[in-house]
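Working notes for the structure below.
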Amino acid sequence: MAAVLSCGSHALLSHRSAAALWGLTQIRSEPEIDVVVPRKAPRRRPGIRVHRRTGLSPEHRREVERIPLTDPISTLVDLASCSPEWQVERAINEADRLDLVNPETLRRTVVRLAPRPGMARMRKLLGLDALTDTGLERAFLSIVRAADLPLPKTQVYVNGYRVDFYWPDLGLVVETDGWRHHRTSGEQATDRRRDQAHTTSGLTTVRFGEAQVRYEPEYVRRTLAAVVEQLS
């Protein structure tokens, strides 16, 4: 509170400090406290990491334990500008678990925000720049061809569920998850039931994330080839 008050009436706790106060990250001893202020604000103060921003409006202001801080969405975007991806991803999941903001609302809001630090990383984590289903399918099939494997059936129904790729002779199902780690809890539950249905019927299910298909094709190729060899 002292840090916020010392930066003026429009200052808000922000970035890592706001994330900790919201309960999105673990509270750790930081050398400086993050505070965001309007552009025309006092110079940086000892012990306070001052972030200046235009367009800082009352709609971004919240209070936790009577301390003014940025709203959850602003806090997550700010966190993405100064923290590793794994920490931001965990914070997004915590925000969903605490009912502060769900991933779908976060996606809809982020696409309307003006560009600022953290936006590119947040868009990536939310899958806003993700491949279309068709693009992801083409990318995976190119890996299958590179592994010199037979082409699978695509988008067919198995055990009552539509699967991305299916090798009936091998009993193998492959799902390519287009950033589904931020899907709703109901959709995640459906994925679990889908995998369990395939397992109980004797099928092998392997999941690859979009990031793996896009940026680690050699790893996907080796893994897929090893699974096929075991099932052959």
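The antiparallel fraction among DSSP beta bridges confined to the chain stands at about 55%. Given +1 at the Cβ of Lys and Arg, -1 at the Cβ of Asp and Glu and no other charges, the dipole of region 133-231 around its Cα centre is 160 debye to the nearest 20. Positive end of the dipole of the chain (Cβ unit charges, origin at the Cα centre): among 13, 83, 232, the Cα lying farthest that way belongs to 13. Placing unit charges on the Cβ atoms only, positive for Lys and Arg and negative for Asp and Glu, gives the chain a dipole magnitude near 1140 debye about its Cα centre. Checking (1) 51, 38, 37; (2) 66, 52, 29; (3) 69, 32, 30 against Cα extents along the principal axes in Å calculated from these atoms, the matching label is (3). Net charge dipole, region 2-125: roughly 660 debye, given to the nearest 20, about the Cα centre with Cβ charges of +1 for Lys and Arg and -1 for Asp and Glu. When you restrict to C-alpha pairs under 8 Å that are six or more residues apart and normalise by the size of the chain, the relative contact order lands at 14 percent.
Think of the chain as having a plus end and a minus end, set by charges on the Cβ of Lys, Arg, Asp and Glu; of 109, 58, 170, 58 sits farthest toward the positive end of this dipole.
Per residue of the chain, the DSSP helices (runs of n ≥ 4 H) give a summed -39500 (n - 2.57) that works out to -13000 deg cm²/dmol at 222 nm. Annotation: the residues 79, 172, sorted from fewest to most other C-beta atoms within 10 Å of their own C-beta, follow the order 172, 79.
Between 169, 195, 34, the residue with the greatest mean-square fluctuation in the GNM of the chain (Cα pairs under 10 Å linked by springs) is 169.
A short reminder: the numbers here are calculations on the coordinates, not readings from a lab. Keep in mind that what you see is a predicted model, and the values were worked out from it rather than measured. Note: ideal-geometry Cβ built from the backbone for every residue, glycine included; neighbour counts use all protein chains shown.
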